[in-house]
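For reference, the structure discussed in these notes is given below.
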Amino acid sequence: MEKSYLLMKESGQQEEGDLTFIGGFPRIPASEPLPMCELCGEKLTFFFQVSFPEKHSWEGRTMAVFSCTKCAHEDFLIPEMLQDTLKGIDIPQGFLESYQKNFRILLFEAENGELRNDYDQIIKFVRWRQSPAETPDEIHAKIGGSPDWLLDNETPATYNTKVPMIFLMQLPQDMKFETVENAPPQTVLNLEGKPASSRHSYYELFLANQIYFFGTKDMEPLVYILTQI
């Protein structure tokens, strides 16, 4: 089993050398277009990114996560999940590219990232420090180790029948992403199931469920996301 690291929040201003953090300006390759929502056509909101540590299967890679906060559709409140979500499933070829409708996962070598000042900051910057973890933790996000399931074990086995899937990281349930002053409210569904402005001064990612990230091993990196509540 790979070593596990808790992601501990630290205050401070964003710096060029920051690699693992919430909000602020994304640190992605200059050649990478800022991602757009396929449902509403608006720019996606940058939520967080992580640089995977030494001895992790994805050592040297960065994963940046964007999601739409401008629209809300009943069928796309969380990432599309396979009909069979039991432990040991095979993810069909092409699914990990096509399911990214109103969110986007950018993957790249950490050394190629640059602060993108062409992005309008919406979520407040918070630095994440990677701290070795010895036991499960229900409060903090974590990288590596094994997933802490709320319900049944849903660890996928393979992608396209032959590529092993590995656990990357998870976010805790009810995680709140604080926004900068004058940020537009997140669009959510009201009690009638219609899009409306959230009354909260923070954003939530995928309904604030507990979120698990799995990735392909020994091939072009792709990410499978699933949630539990």
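The values are calculated or read from the model by the stated rules, or taken from the named source; none is laboratory data. Only a predicted model underlies this, so the values are computations on that prediction, with no experimental measurement involved. Cβ atoms come from the backbone with ideal geometry, glycine included; neighbour counts cover every protein chain shown.
Does residue 51 satisfy being polar (S, T, N, Q), at pLDDT 95 or above and touching a strand residue (DSSP E or B) at 6+ places or on another chain (Cβ under 7 Å)? Spelling it out, residue 51 is indeed polar (S, T, N, Q), at pLDDT 95 or above and touching a strand residue (DSSP E or B) at 6+ places or on another chain (Cβ under 7 Å).
Checking each residue in segment 155-211 for being part of a loop (DSSP other than H, G, I, E, B), small (Gly, Ala, Ser) and either on the phi < 0 side of the Ramachandran plot or within 20 Å of the chain's Cα centre (by Cα) (or both) picks out 157, 183, 198, 201.
For segment 20-36: of the residues being part of a loop (DSSP other than H, G, I, E, B) and in contact with a Lys or Arg (Cβ under 7 Å, 6 or more places away or on another chain), which is surrounded by the fewest Cβ atoms within 10 Å (Cβ to Cβ)? Looking at residues that are part of a loop (DSSP other than H, G, I, E, B) and in contact with a Lys or Arg (Cβ under 7 Å, 6 or more places away or on another chain), I get 34. Go through the residues of segment 58-74 one by one and say whether even a single one is in contact (Cβ under 8 Å) with a residue 60 or more places away in the chain, in contact with a helix residue (DSSP H, G or I) (Cβ under 9 Å, 6 or more places away or on another chain), assigned to a strand (DSSP E or B) and not acidic (Asp, Glu). Yes, segment 58-74 contains at least one residue that is in contact (Cβ under 8 Å) with a residue 60 or more places away in the chain, in contact with a helix residue (DSSP H, G or I) (Cβ under 9 Å, 6 or more places away or on another chain), assigned to a strand (DSSP E or B) and not acidic (Asp, Glu).
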